[in-house]
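Accompanying notes for the structure given below.
Nothing in this text is a laboratory measurement; each read-out follows from the coordinates by a stated rule. Just so it is clear, the structure is predicted and the values come from calculations on it, not from any experiment. For neighbour counting, all protein chains shown are included, and Cβ atoms are generated from backbone atoms with ideal geometry for every residue, glycine included.
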Amino acid sequence: MIKIVETFVGDPHFQQFVDFPQRIYPVGSPKFAFPEQIPEKHLTAHYLVLSNGIAVGRASLYSNPDLSYQKHVTCTIGNYECQPDDTYAAVLLEKLITEAAIRGANYLIGPMNGSTWENYRFATSHDHPPFFTEPYHHLYYHGQFRQAGFGPLAEYFTNRDTSLTTDRPDIVQREKALRALGMTVRPINLNRYEEEISRIYEFNKLAFKTNFLFTPISQSAFCNKYASAVNFLNPAFTLVAEDDLQNIIGFYFCFDDVLNTSQKSLIAKTLARHPAPKWHGLGHVMGNLVVRKAAELGYESMLHPFIFSQGTSTRLSESFSGKNYRNYLLYGRPVFNHLTKHNFG
């Protein structure tokens, strides 16, 4: 007998929800490289699918009031895990679609743990080793989502640069021009890290506000996310660009791929620049500085992760010899179609 139960922290079923990945991934899987985070922000409910009392699937429904897709009221599916059985997946996803409709949503996106500040997207292959901060999931989840009526909403990719080529003439010339306008670039100051992160928070609100599916985050939540990152930071690869009044106009945050034990590899986690035309080319300039330093320190490769296929970072990655390493998909579907078919048909 298959049934779905709603669960929450403190409920007898909740530990089964937390422990479920251990049932469907082998010991030593990349899934367990780092502890799982199950966000509570924007959480509506956790659901667990049981077959004869045994957990066979799980997911959460999130309702972020700031998130919308094409002006639709939008919910998201997060923390998705399921056995390779289409029946279990169909029951679970049908429940989430129904609950999203009950809550007034007319569009549903997944996988996304509430916002793009948390884990989202499914990788489309496991052809290359996983890297630090990359979520790991079963590939058959794509089929389960498609069978439930979801289609690709957005495509992302990770590129890898193994040449670490620097100082392209046009980038060197642009750096000279930006410095003439008063731009300076410096390493992040770890001695006043909290102050630095607070200033970067204000800058990020401006730099990322037009990003696809972007939603704001509180300063305290932002600072909490970056508080643990200090353990992985190398100031040589975490750069802050400022204008002549010391206003932040660019930020480049990189760290080592600690999962890569075969070579020194760097991950370009976050790159942002001020949107004013005056500062165009700043991303290339900061990238050039980082790659040059990485080559000097004996790094052999650099990953450019999770690039939105329709975003400006695509050209930036290609400028630094980025070659495809992995692709990802984010899915979506109208909830209205579901209601039409199942409630009024």
Test item: Cα-centred dipole of the chain, Lys/Arg +1 and Asp/Glu -1 on Cβ, debye: 640 debye
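Quick one: net charge of Asp66's neighbours, Cβ under 12 Å, K/R +1, D/E -1? Please list the in-between numbers first.
On the way: positive: Lys41, Lys209; negative: none.
So the environment of Asp66 carries a net charge of +2.
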Rank Gly250, Phe237, Asn260 by how far each Cα sits towards the positive end of the charge dipole of region 163-320 (+1 on Lys, Arg Cβ; -1 on Asp, Glu Cβ) and give me just the farthest. Gly250
Restricting to aspartates and glutamates and to Cα separations under 19 Å from Lys41, and discarding same-chain partners fewer than 8 apart, the set is Glu6, Asp11, Asp66, Glu99, Glu118
Quick one, which of (1) 18.7; (2) 15.0; (3) 17.6 is the actual mean projected area of the Cα convex hull in nm² calculated for this model? (1)
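Expressed in nm to one decimal, what extension gain is obtained for the pair His128 and Glu40 from 0.36 nm per residue of sequence separation less their Cα-Cα distance? Could you put the intermediate results ahead of the total?
Numbers: separation 88, 0.36 × 88 = 31.68 nm, distance 3.16 nm.
Value of the extension gain: 28.5 nm.
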Exposure proxy order (Cβ contacts within 10 Å, fewest to most) of Met1, Met183, Met286: Met1, Met183, Met286
What angle do you read, to the nearest 10 degrees and between 0 and 90, between the alpha-carbon axis of helix 86-102 and the longest principal axis of the chain? 80 degrees
PRE reach from Asp244 (point 7 Å along Cα→Cβ): which of region 172-214 fall under 13 Å by backbone N? 178-184
Which shape class applies to region 163-320: rounded if a/c is under 1.5, otherwise prolate when a/b exceeds b/c and oblate if not, where a ≥ b ≥ c are the square roots of the Cα gyration tensor eigenvalues? rounded
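Output the pairs from Lys31/Lys323; Lys176/Lys205; Lys264/Lys293 with a Cα-Cα distance over 23 Å in this structure; if there are none, say none.
Working: Lys31/Lys323 25 Å; Lys176/Lys205 28 Å; Lys264/Lys293 13 Å.
Beyond 23 Å: Lys31/Lys323; Lys176/Lys205.
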Round to the nearest 10 and give me the degree value, 0 to 90, for the angle of helix 282-296's Cα axis relative to the longest principal axis of the chain. 80 degrees
Return the whole-Å distance between the Cα centroid of region 121-198 and the Cα centroid of region 14-86. 24 Å
With the contact rule set at Cα under 8 Å and sequence spacing of 6 or more, what percent relative contact order holds for region 163-320? 28 percent
